[in-house]
Amino acid sequence: MIDEKKLIEKIERLENIVCGYSHIVSNVCANLLCELKDFIKEQPKVDEWIPVEERLPEDTEEDYYQTVIVTLLNGRVAPGVYKNHEDEWVVEDETGANEYMFHDEVIAWMPLPEPYVKED
C-alpha cells in the first residue's frame, strides 16, 4: 500500500526544488504537483469505510459486480455486492449464502484490499 503522507512529502520537496527554476517552468510544475497532491488525497483509502450516504460502489466495465466489504446496521461485517441497476445489495450471511438486503441495512462499505504479492 502507498504511504500517502510520505508521497506528499516527496512531492513537496520536489516543489521546493522546482521553485529555483525560471518563473514559467516553476509555475507550471508547481501547478501540476499541486494537482497531483489533490488527486492523491481524493483517492479512496482501502482501510476507510465509505458511508452509503456519501457514495455507492460504481459499475465496472466487466460483466460482474464489484465485491466489497460492507457493514450492516446490526454491526455485522460481510462481503457483498451492490447491484447498481437493481439498486439492491447482496450480502453473504454467516454460512456463505447470499441474502438480499434492504437498501438501508447496509450503512458503509470499503473496497477489498489488493491481493498479497510475495516479494522476492
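The values are calculated or read from the model by the stated rules, or taken from the named source; none is laboratory data. Everything quoted here is computed from the prediction, not taken from an experiment. Cβ coordinates were reconstructed from backbone atoms using ideal geometry, including for glycine residues, and neighbour counts include every protein chain displayed. We work out accessible area using only protein heavy atoms, side chains counted, and drop any ligands, DNA or RNA first. Shrake-Rupley method; radii C 1.70, N 1.55, O 1.52, S 1.80 Å.
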**Message:** Against the definition (in a strand (DSSP E or B) and open to solvent by 50 Å² or more (accessible area, probe 1.4 Å)), how does I69 come out, yes or no?
**Reply:** no
Filter region 38-57 for residues that are in contact with an Asp or Glu (Cβ under 8 Å, 6 or more places away or on another chain) and outside any loop (DSSP other than H, G, I, E, B); the one that is modelled with the highest pLDDT is I40
For region 80-111 the number of residues that are open to solvent by 50 Å² or more (accessible area, probe 1.4 Å), in a strand (DSSP E or B) and not acidic (D, E) is 3
